[in-house]
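I have placed the structure first, in the form of structure tokens, so that the comments after it can refer back to it.
The values are calculated or read from the model by the stated rules, or taken from the named source; none is laboratory data. Fair warning: this is a prediction, and the values are worked out from it, not measured in the lab. Every residue, glycine among them, receives a Cβ derived from its backbone with ideal geometry; neighbour counts consider all protein chains shown.
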Amino acid sequence: MGNQTGMMERISESTRSLTTGVDTKDVEHWVMIYIMGRGYRVPADLTIMTAMEFAGYRLIRSCGCRQGFCGACATIFRREGEYKLESALACQTRVEDGMSLVQIPFSPADAASYDIASEAYAYSVFSKHYPEVARCVSCNTCTKACPQDLEVMDYVQSAIKGDFGGLTEQSFDCIQCGLCAIRCPAEIVQYNVAQLGRRMYGRYGSPEPAHLKARIAEIEEGKFDEALDRLAGASTEELEKLYAASERESDG
Ligand code: SF4
Ligand code: SF4
Ligand code: FES
């Protein structure tokens with residue numbers, strides 16, 4: 001219990017430093033931004049996410065990994081003097097003077113239920129679960145909206161052609177932020193179409209990886225049982241020591 005309390009204090013401390021870690025007397029450049037229509041003066045080198053926290057917002061939704069991977073911080077913004085609405089990830093985008101923005105923490109988009117084991121490995125799986133995919137008018141709006149710079153329209157076209165491999169490759173870096181779907185005039189939920197396609201490709205299209213089969217056999221033979229039991233019974237201090245001593249892949 002004591003260990004857990006210590007851990008919670010450290011998490012709480014690190015969260016505090018994210019929200020209050022800017023010393024205003026060191027700030028040379030400031031910008032005005034407008035969050036849901038209300039103006040705030042914030043340091044110029046903050047991301048949208050940290051600027052919102054600086055302005056006093058406590059992000060419970062619209063914030064997850066802070067590193068561009070989880071898709072939780074979808075944001076719509078407009079630059080001063082421009083008419084275009086643009087989209088971005090709040091954790092990856094720096095504020096600009098005059099920027100007006102709002103966050104879209106969740107898109108209430110359709111997500112079909114299916115059992116891939118009993119689906120046909122063909123275009124019909126898309127027409128069955130997401131028939132609207134056939135209505136794509138190739139306007140490319142989704143591609144322009146994607147903060148991951150994916151060729152979203154191309155992967156939708158791959159789905160329409162029943163090209164599961166192409167769809168998987170083209171959509172692999174999708175983080176399910178939902179920004180493409182909310183802009184689509186054909187009301188297609190591109191990212192859920194892609195997820196269905198990747199699941200189908202994983203089951204039926206991609207070659208079975210030999211190393212994975214070998215590892216599963218090792219697990220089933222009990223090769224790691226003892227090590228797993230040791231970890232499950234370790235205290236937080238022991239786990240921290242093991243983690244600090246573990247080998248990690250280099251960043252380079
Ligand atoms: S926004 Fe919709 S209609 Fe336009 S290209 Fe993308 S999927 Fe097709
Ligand atoms: S494809 Fe759509 S859901 Fe996926 S990252 Fe791009 S905009 Fe977000
Ligand atoms: S917080 Fe996860 S992508 Fe921005």
Give me the pairs, please: first residue somewhere in region 155-182 and in the same structural domain as Y123 (by TED's automatic domain parsing), second residue anywhere and among the polar types (S, T, N, Q) and within 16 Å of ligand 3 (Cβ to nearest atom), beta-carbon distance under 7 Å, and either six or more positions apart or on two chains. D173/Q148; C174/Q148; I175/Q148; G178/S107; L179/S87; A181/S107; I182/S107
State yes or no: is E208 more than 16 Å from ligand 3 (Cβ to nearest atom), over 28 Å from L89 (Cβ atoms) and in a loop (DSSP other than H, G, I, E, B)? yes
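Does region 112-124 contain any residue that is among the small types (G, A, S), crowded, with 21+ Cβ neighbours inside 10 Å and either in a strand (DSSP E or B) or away from ligand 3 (no atom under 13 Å from the Cβ) (or both)? Break it down into steps so the answer makes sense when it comes.
Within region 112-124, the subset among the small types (G, A, S) is 112-113, 117-118, 120, 122, 124.
Cutting the leftovers down to crowded, with 21+ Cβ neighbours inside 10 Å gives us none.
No, region 112-124 has no match at all.
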Scope region 147-161; condition out of contact with any Ser or Thr (no Cβ under 8 Å at 6 or more places or on another chain), crowded, with 17+ Cβ neighbours inside 10 Å and assigned to a loop (DSSP other than H, G, I, E, B); matching residues: Q148
Within region 211-251, take every residue that is within 25 Å of F172 (Cα to Cα) and not in a helix (DSSP H, G or I) and give me the one that is nearest to the chain's Cα centre (by Cα). D251
Please determine whether any residue of region 193-210 is surrounded by fewer than 12 Cβ atoms within 10 Å (Cβ to Cβ), under 29 Å from V102 (Cα atoms), within 16 Å of ligand 1 (Cβ to nearest atom) and in contact (Cβ under 8 Å) with a residue 40 or more places away in the chain. no
So in region 162-175, with the set limited to residues that are near ligand 2 (Cβ under 9 Å from one of its atoms) and either surrounded by fewer than 18 Cβ atoms within 10 Å (Cβ to Cβ) or part of a helix (DSSP H, G or I) (or both), which one is nearest to the chain's Cα centre (by Cα)? D173
So how many residues does region 40-95 have that are surrounded by fewer than 14 Cβ atoms within 10 Å (Cβ to Cβ), hydroxyl-bearing (S, T, Y) and within 16 Å of ligand 3 (Cβ to nearest atom)? 0
Does region 54-76 contain any residue that is within 14 Å of ligand 2 (Cβ to nearest atom) and either in a helix (DSSP H, G or I) or over 15 Å from P147 (Cβ atoms) (or both)? no
